[in-house]
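*Asks:* Pasting in a structure now, in C-alpha cells, and then I'll have a few things to ask.
The values are calculated or read from the model by the stated rules, or taken from the named source; none is laboratory data. Keep in mind that what you see is a predicted model, and the values were worked out from it rather than measured. Glycine gets a Cβ as well: all are built from the backbone with ideal geometry, and neighbour counts include every protein chain shown. Each accessible area value is taken on the protein alone, full model and side chains, heavy atoms only, with ligands, DNA and RNA left out. Shrake-Rupley method; radii C 1.70, N 1.55, O 1.52, S 1.80 Å.
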Amino acid sequence: MNFAAHPTSQSGTALMPEQAAQKAHTTIVADFTRSIPPMPPIFRARLCSSLSDLASDPNLDMHVRTSVSGGRQFDREAGLKWLAPRLGDKVLADRMTITNGTQSAMLLLLEALVGQNGLLLTEALSWGAVREVARRAHVKIRGLPIDDDGIIPDAFETACRDLRPKALYCNPTDQNPTTAVMPEMRRRQIAAIARHYGLAIIEDDALGRHHPDAPAPIASIAPDITWYVMGLTKCIAQGLRLAYIVGPSLADTQQVMGPASRLSFWAPNPLTTAIATRWIIDGTAEEICTAIRHESSKREELASSVLSEADLVSKPGAMHVWLRLSPAKDRHQLTASLKHKGVAVRPAELFAVDDTPVPNAVRLSLSSPLERSQVEHGLQIIATALQI
Ligand SMILES: Cc1ncc(COP(=O)(O)O)c(C=O)c1O
C-alpha cells in the first residue's frame, strides 16, 4: 500500500482508507480495498486458549529471547505439514526457510535471484507490493500480457528471448487481482520456457490452500527452478503472518538466504511462529482456514448474485473479485462516486507493475469488511452505480 498516497492525521501518520473516510466524515459502508481474510468467530477463542497455554510454558521467556534466522527445524517441519496439500509430503525441511512474511521473502529472493538492474518478469497486473519491493531491491520489472488463464506463454517466451530476464514472479492460483487460476497445461508450458531460458520462478501461492481443486503448483512441476512461497496472511491472519519458502535445493537455499543470515529484519517472530506451529500440529490452522474459506465462499456467492448482470471475473471461494467495466463506465469516476457513498474499491492502476495501459476494471476485496451484511450493502451500492 502506498501510504504516501493516503491522507495524514494531524500527527502526520498515514491513514488507512477507513480512517481517511472517517476524517472526511463519510460513513463507511464497505471497504473493499484490503486483501485480508475475514475473521472467523472461532478465532478469538482459539487465540486466547493458545496464548494461555503458551503462558504456562516454563520456557516461554527463552523462546522469545531471540529469533532464529530461517526458523527452527521443528517449525520448518510444521510448515511443510501445512504445505503438504499443495506440495505433497516428500519435501525435506532443509529446503524450507521461514520468514516474517512474503514481502521480506520477496526482498531476499529478488536481491539474490535478480540482482541490481536485473530484470524481473511478472503478470502485467499483480499484487501491489511486488512493484514496491522490486524498486527497493533496485530490480527492473516488466509486466507480461495475461488472459483469463494467467500469463500468455508466447508472450513469456518472447520476453525471455528479447529481454534476458533473470526471474519470473507469478501468482498462478487465484491471481491477485484478476482471480485467474492457471490450468495445468499452461503451468507446464511456463515451467518449460523458464527452464529453457535459465530463469528462476518465484511462485506465490498465497491463496493456494483456499482452492483445494486448483492444479498443483508450478513448484511441483519444476521443483529444480522454482521458489515456492506461501504466507499465512490469507489462511490465518495478516497480523500472525509468516511465510514458508521452499527452495529448489539445500544448496540453493543456503546460497540465497545465507548472505542475509545475520540480518534480523526478515526473521520469523518467535511468538507468532510458536502459535503457527502449534495450530498446524493440533489442527487449529486447518479449522481457521476452513472457516475463512467457508465465509469467502458465501461472500463470493453474494457478489456473483448481486452483480450477476456485470462483467464480474471470479472463482468460487475467491476473496477478491475483478469487475470489468464497459467503456461507458470510467473506473476513476466509479471509484470516486463509490467513495462518496462509503464504498472503497481499487482501480486497475494500483496493480500495474509498469507503465503499460491497464484495463478498465476495479478489484473488490470481499474479504475486508468485518460483516457479511456490509459486503451485501456495499455490493448493492455498486450494482446501483452500474445501473444494473
Ligand atoms: C499475492 C499476495 N501474496 C502475498 C500476500 C501476503 O503478503 P505478506 O505475507 O507479506 O503479508 C498478499 C497479501 O495481500 C498477496 O496479495
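*Asks:* Looking at (1) under 21 Å from the mean Cα position of the chain (by Cα); (2) buried (at least 20 other Cβ atoms within 10 Å of the Cβ), which is the one condition that is false for P316?
*Replies:* Every condition holds for P316 apart from (2).
*Asks:* Shifting gears a bit: Can you find even one residue in region 68-88 that is closer than 30 Å to D148 by Cα, free of Cβ contacts under 8 Å to residues at least 24 places away in the same chain and not hydroxyl-bearing (S, T, Y)?
*Replies:* Pass one, region 68-88, residues closer than 30 Å to D148 by Cα: 82-88.
Now restrict to residues that are free of Cβ contacts under 8 Å to residues at least 24 places away in the same chain: 84.
With not hydroxyl-bearing (S, T, Y) added as a condition, the list becomes 84.
Yes, region 68-88 has at least one match.
*Asks:* Could you please let me know if I236 is surrounded by 19 or more Cβ atoms within 10 Å (Cβ to Cβ) and in contact with a Pro (Cβ under 7 Å, 6 or more places away or on another chain)? Give the steps one after another, and end with the answer.
*Replies:* Details: surrounded by 19 or more Cβ atoms within 10 Å (Cβ to Cβ): yes; in contact with a Pro (Cβ under 7 Å, 6 or more places away or on another chain): no.
No.
*Asks:* Output the number of the condition that L242 fails; it satisfies all remaining conditions of (1) out of contact with any strand residue (DSSP E or B) (no Cβ under 7 Å at 6 or more places or on another chain); (2) within 15 Å of the ligand (Cβ to nearest atom); (3) of a type outside the set (D, E, K, R).
*Replies:* (1)
*Asks:* Every residue in region 51-77 that is in contact with a Pro (Cβ under 6 Å, 6 or more places away or on another chain) and surrounded by 15 or more Cβ atoms within 10 Å (Cβ to Cβ), please. Give the steps one after another, and end with the answer.
*Replies:* Going through region 51-77, the residues in contact with a Pro (Cβ under 6 Å, 6 or more places away or on another chain) turn out to be 63-64, 67, 71.
Those that are in contact with a Pro (Cβ under 6 Å, 6 or more places away or on another chain) and surrounded by 15 or more Cβ atoms within 10 Å (Cβ to Cβ): H63, S67, G71.
*Asks:* Next question, about the same structure. Test of understanding: among R278, R262, which residue is touching a Ser or Thr at 6+ places or on another chain (Cβ under 7 Å), in contact (Cβ under 8 Å) with a residue 24 or more places away in the chain and basic (K, R)? Spell out the reasoning first.
*Replies:* Values: R262 fails: touching a Ser or Thr at 6+ places or on another chain (Cβ under 7 Å).
None of the other options fit; the residue is R278.
*Asks:* Quick one: is I281 surrounded by fewer than 19 Cβ atoms within 10 Å (Cβ to Cβ), hydrophobic (A, V, I, L, M, F, W, C) and more than 15 Å from the ligand (Cβ to nearest atom)?
*Replies:* On the way: surrounded by fewer than 19 Cβ atoms within 10 Å (Cβ to Cβ): yes; hydrophobic (A, V, I, L, M, F, W, C): yes; more than 15 Å from the ligand (Cβ to nearest atom): yes.
Taking the combined requirement at face value, the residue satisfies it.
*Asks:* Which numbered condition in (1) open to solvent by 30 Å² or more (accessible area, probe 1.4 Å); (2) part of a strand (DSSP E or B) is the only one that E203 fails?
*Replies:* The failed condition is (1).
*Asks:* Give region 175-198 a look and list any residue that's out of contact with any Ser or Thr (no Cβ under 9 Å at 6 or more places or on another chain) and surrounded by fewer than 24 Cβ atoms within 10 Å (Cβ to Cβ), or say none.
*Replies:* If the condition is that a residue be out of contact with any Ser or Thr (no Cβ under 9 Å at 6 or more places or on another chain) and surrounded by fewer than 24 Cβ atoms within 10 Å (Cβ to Cβ), then P183, E184, M185, R186, R188, Q189, A192, I193, R195, H196, Y197, G198 are the ones that fit.
*Asks:* Of L120, L80, which residue is of a type in the set (A, V, I, L, M, F, W, C), open to solvent by less than 50 Å² (accessible area, probe 1.4 Å), within 16 Å of the ligand (Cβ to nearest atom) and more than 17 Å from R241 (Cβ to Cβ)?
*Replies:* Numbers: L80 fails: within 16 Å of the ligand (Cβ to nearest atom).
From the options L120, L80, the qualifying one is L120.
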